[in-house]
1. I'd like to verify a number: residues in the stretch 30-65 that are loosely packed, with under 15 Cβ neighbours inside 10 Å and at negative phi, how many?
2. Can you tell me which residues in the stretch 1-29 are loosely packed, with under 10 Cβ neighbours inside 10 Å and either touching a residue at least 40 places away in the same chain (Cβ under 8 Å) or among the aliphatic types (A, V, I, L, M) (or both)?
3. Which of the residues spanning the stretch 66-84 are of a type outside the set (A, V, I, L, M) and surrounded by 14 or more Cβ atoms within 10 Å (Cβ to Cβ)?
4. I need the full set of residues from the stretch 41-67 which are among the polar types (S, T, N, Q) and within 18 Å of Val19 (Cβ to Cβ), in order please.
5. Take residues that are among the hydroxyl-bearing types (Ser, Thr, Tyr) and in contact with a helix residue (DSSP H, G or I) (Cβ under 9 Å, 6 or more places away or on another chain) and tell me which of the helices (runs of 4 or more DSSP H) falling wholly in the chain contain 1 or more.
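Any read-out appearing in this document is the output of simple, stated calculations on the displayed coordinates, not a laboratory observation. Fair warning: this is a prediction, and the values are worked out from it, not measured in the lab. Cβ sites come from the backbone with ideal geometry, for glycine too, and all protein chains shown count toward neighbours.
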Amino acid sequence: MIDSSPDARLVQDDLVREVRWLLEMLSPVEAYVLRNRFGVDGGEELSLQAIGNRYGRSVERMRQIECQALRKLHRYYRNLENDE
């Protein structure tokens with residue numbers, strides 16, 4: 001069951017804003033792949049094959065872009081932890 005309390009809605013809104021902000025740090029292609037791969041913004045979660053078909057690239061290339069984007073986000077969070 002989804003919690004629809006005002007507090008839960010605020011937390012969800014904050015998470016959505018943070019995810020959108022993080023995606024802005026990526027290249028347009030990387031952001032596109034992650035948005036579609038994980039169904040960000042309420043979209044359907046797509047396979048790498050489906051994303052590749054839409055973007056005109058191979059599944060392997062989509063996998064590489066996905067990994068590259070996730071590594072960038074991981075490095076960003078690791079740097080945040082080191083700064084604190």
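1. Going residue by residue through the stretch 30-65, those that are loosely packed, with under 15 Cβ neighbours inside 10 Å are 38-39, 41-45, 47, 49, 53-54, 56, 58-60, 64.
Narrowing the set further to residues that are at negative phi leaves 38, 43-45, 47, 49, 53-54, 58-60, 64.
The total comes to 12.
2. Met1, Ile2 - these are the residues of the stretch 1-29 that are loosely packed, with under 10 Cβ neighbours inside 10 Å and either touching a residue at least 40 places away in the same chain (Cβ under 8 Å) or among the aliphatic types (A, V, I, L, M) (or both).
3. Going residue by residue through the stretch 66-84, those that are of a type outside the set (A, V, I, L, M) are 66-68, 71-72, 74-79, 81-84.
Listed by number, the residues that qualify are Glu66, Gln68, Lys72.
4. The first filter runs over the stretch 41-67 and keeps only residues among the polar types (S, T, N, Q), leaving 47, 49, 53, 58, 64.
Those that are among the polar types (S, T, N, Q) and within 18 Å of Val19 (Cβ to Cβ): none in the stretch 41-67.
5. Values: elements: 6-24, 28-38, 48-55, 59-83.
Because the criterion is at least 1 residues that are among the hydroxyl-bearing types (Ser, Thr, Tyr) and in contact with a helix residue (DSSP H, G or I) (Cβ under 9 Å, 6 or more places away or on another chain), the helices (runs of 4 or more DSSP H) in the chain that meet it are 28-38, 48-55, 59-83.
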